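Notes to accompany the following structure.
The values are calculated or read from the model by the stated rules, or taken from the named source; none is laboratory data. Since we're looking at a predicted model, the values are computed, not measured. So basically every Cβ, Gly included, is an ideal-geometry build from the backbone, and we count neighbours across all protein chains shown. Just so you know, the surface numbers come from the protein's heavy atoms only, side chains and all, with ligands and any DNA or RNA stripped out. Shrake-Rupley method; radii C 1.70, N 1.55, O 1.52, S 1.80 Å.
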Amino acid sequence: MRGVDPKDVVRRGYDAISRAYRADDADEGGYAPWIRELRRRLPGRGTVLDLGCGCGVPVARALSEAGHAVTGVDLSEVQIQRARTLVPRATFRTADATAAEFPAASFDAVVCLYALIHMPLSEQPVLLRRIATWLRPGGWFLASAGQQAWTGTEDDWHGATMWWSHADAATYRTWITQAGLVVTEEEFVPEDESGHSLFWARRPVTETTP
């Protein structure tokens, strides 16, 4: 990986495997309980940012169909093109999530599932701090992150080279808290021989000034 931009590896990887990774008609699968719980917590016709939205299935699709205004961001142009077709009532943009700009207090929820771990480690806590500002007071952050620290590549992941970088769960808990959010729930999501950590966090309704 020396001399290679890991973000370019991720972008090209998902461009190549978009359909192999998730079909147009894929169901919610393991995302179902998280989507159901997020819908329960959102206000009627809430605003949601889906960072690393992929092809829009299943998160953006489910929330858009429930009447919420969804904005999706993804590094892969192929993923975004599919998302615009599959979830026509949502808004999608091709962008690096770590460089995306949104006004303060724009969203009732920010979702980042299996995307944070594709970003350079040094940029992740910075993004978490920005996410906290994008949330309205009382807004929810739902994210999957690493369970154990690891950075590396896989040469044949669904047919393409892919790259990841993540800290351990305790570090993510600290980063989320330092961003100004309150972690309300944390769980281990098993996958093969390891797994991920899932966090629910909330921007305080009443914030104190230091």
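How many residues does the range 22-36 contain that are in a helix (DSSP H, G or I) and closer than 15 Å to Cys55 by Cβ? Even if it seems obvious, please write down each step before you answer.
Going through the range 22-36, the residues in a helix (DSSP H, G or I) turn out to be 29-36.
In the following step, the residues that additionally are closer than 15 Å to Cys55 by Cβ were identified as 29, 31.
Total meeting the criteria: 2.
The number of residues in the range 60-79 being under 13 Å from the mean Cα position of the chain (by Cα) and either farther than 30 Å from Pro120 by Cα or open to solvent by 10 Å² or more (accessible area, probe 1.4 Å) (or both) comes to 3. The residue of the range 165-210 that is farthest from Leu121 (Cα to Cα), among those that are in a loop (DSSP other than H, G, I, E, B) and open to solvent by less than 70 Å² (accessible area, probe 1.4 Å), is Pro204. Looking only at the range 37-73, residues that are in contact with a Cys (Cβ under 8 Å, 6 or more places away or on another chain) and in a loop (DSSP other than H, G, I, E, B) come to 1 in all.
Within the range 1-27, take every residue that is open to solvent by less than 70 Å² (accessible area, probe 1.4 Å) and of a type in the set (D, E, K, R) and give me the one that is farthest from Pro120 (Cα to Cα). Quick ask: steps written out before the conclusion?
The initial filter retains those residues of the range 1-27 that are open to solvent by less than 70 Å² (accessible area, probe 1.4 Å), namely 4, 6-10, 13-15, 17-18, 21-23, 26.
Remaining after also requiring of a type in the set (D, E, K, R): 7-8, 15, 22.
Numbers: Lys7: 8, Asp8: 12, Asp15: 19, Arg22: 24 Å.
Only one residue tops the list, namely Arg22.
Only one residue in Gly52, Gly30 is of a type in the set (Gly, Ala, Ser) and either open to solvent by less than 50 Å² (accessible area, probe 1.4 Å) or free of Cβ contacts under 8 Å to residues at least 24 places away in the same chain (or both), so which one is that?
Gly52
Entry remark, the range 85-102: residues being open to solvent by 30 Å² or more (accessible area, probe 1.4 Å) and closer than 15 Å to Arg22 by Cα number 2 in total. Filtering the range 80-100 to residues that are in contact with a Lys or Arg (Cβ under 9 Å, 6 or more places away or on another chain) and assigned to a helix (DSSP H, G or I) leaves Ile80, Arg82, Ala83, Leu86, Thr98.
Within the range 106-135, restricting attention to residues that are small (Gly, Ala, Ser) and closer than 22 Å to Thr174 by Cα, the residue that is surrounded by the most Cβ atoms within 10 Å (Cβ to Cβ) is Ala109.
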